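To keep things clear, I will list the structure first and then write my remarks on it.
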């Protein structure tokens, strides 16, 4: 497993509580001190975003989330900010650390307005701090919290949510009835898995990690955030190649009548990564199309001039080609779903002993088998979208948290890598670990983008000899190319733009 810095750990609510409790009970840093650190880090960030003299309204619950808000309000009040604190359920029954911070506030010589929701009257505030409900939320938000959420979401000034936006489930990223649509989420101790699942991405705004004094031995993540920072640090330097076949060949089995574009994009995408040799295996009847579009790519036609899709009779010839030189295989783009093609694809997958990226129509062919397993000496990367994931494993997947868990479970059980396309994209590994993209991947759900991703994945697998790194590089490279396009253009992103 790669060595991943702790800021890229994604933790569940339970894991966050575990770190907090162990740091207090075993390590010996009390909860009040942790709250002071959290509040100080958050206050420093708000100071960098909001000018001195601004008027902030702080919405506080009874728990430690409200206590964090009280720390921030105290610190900002000493920097000439005007502070109004609204306790959603009064000041009775506050958590011990929140109550202690309220008493500290009352010792200050600065004027701080403290009121309850019943007494709340909107004024000309300059920013909001949401300290109502934290990671413990597991049911729908009720009044008066839902009323406060509605008011906050109607405002135009900056909103800062503490640890997690009120109303967002920290694990699943689902909105529990209603949720604060925040500008900034100041996450304490660790990023939460729900920030990147389901509605989390559209709810959390800019996410800021506020580190706490948790010892590393207590940090047990649910998943990891894919980022260039640690991916490149875990990557070997590619060896210089003296010959085009050094490092192996990427074979691509692709194409059928009307679906040649998929193979073209996959091949171009793979070639662009700098591979020495990409070999496209295709029915002979499609060769002329590929010859015109793929000048740099080696073409290996099989069958007769009238063959416009793969047939079982092509199997032996294709297997011989795959065994000519060491390399890896990408199978699936634009294969089609003719009965003969499905049987041909199934036979390749069952008998080819090399490493394979299985995409698109090859995934469909795999899903048509009553049962399947990879040949013992081969390694597989599967690249399903959510519908294909469901078909492959005959499992219902109702949300992204279930998709993440299924991806992780099946990757470990089948000893494969699964790159589950979607929002977010999720990589499940043989060790059972999950890796998530932290950027908007919805644009990549359009036709053609999956072929580009498959080509990049297979190519990076050859370059780095790591199936995990192959997926990470393919996802990050696609995102980087899309950002470069948007920086230079105003039009709609097309698949070819991220090659």
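Cβ crowding within 10 Å, taken as a proxy for footprinting-reagent exposure, orders 297, 417, 72 from fewest neighbours to most as 297, 417, 72.
Of the peptides 486-497, 354-365, the order by per-residue mean of other Cβ atoms within 10 Å, starting with the highest, comes out as 354-365, 486-497. Fewest neighbouring Cβ atoms within 10 Å first, the residues 87, 157 line up as 157, 87. Take every DSSP beta bridge whose two residues both sit in region 6-225; close to 10 percent of them are antiparallel.
Per-peptide packing, taken as the mean over residues of other Cβ atoms within 10 Å, places 472-478, 191-197, 322-328, 379-385 in the sequence 191-197, 472-478, 379-385, 322-328 from highest down. Seen through its C-alpha gyration tensor, with square-root eigenvalues sorted a ≥ b ≥ c, region 231-498 comes out rounded because a/c lies under 1.5.
Take each peptide in 34-44, 106-116, count the other Cβ atoms within 10 Å of every residue, and average; sorted highest first, the result is 34-44, 106-116. So what is the calculated 222 nm ellipticity per residue for the chain, using -39500 (n - 2.57) for each DSSP H run with n of 4 or more, over all residues, to the nearest 500 deg cm²/dmol? It comes out at -11000 deg cm²/dmol, rounded to the nearest 500. Relative contact order of region 86-203: 22 percent, from C-alpha pairs under 8 Å at least 6 residues apart in sequence.
Computed from the C-beta positions of residue 293 and residue 218 and an R0 of 51 Å, the FRET efficiency is 0.40 to the nearest 0.05. The spacing between region 1-68 and region 416-453, judged by their C-alpha centroids, is 30 Å.
Reported to the nearest whole Å, the Cα centre-to-centre distance from region 172-231 to region 251-320 is 43.
When you restrict to C-alpha pairs under 8 Å that are six or more residues apart and normalise by the size of region 1-140, the relative contact order lands at 28 percent.
Structural descriptor for region 310-461: relative contact order 18 percent, calculated from alpha carbon pairs under 8 angstrom and at least 6 residues apart.
Coordinate-derived values only; no laboratory data. Remember, predicted model here, so these are calculated numbers, not experimental data. Don't worry about glycine lacking a Cβ; one is built from the backbone with ideal geometry, like all the others, and counts go over all protein chains shown.
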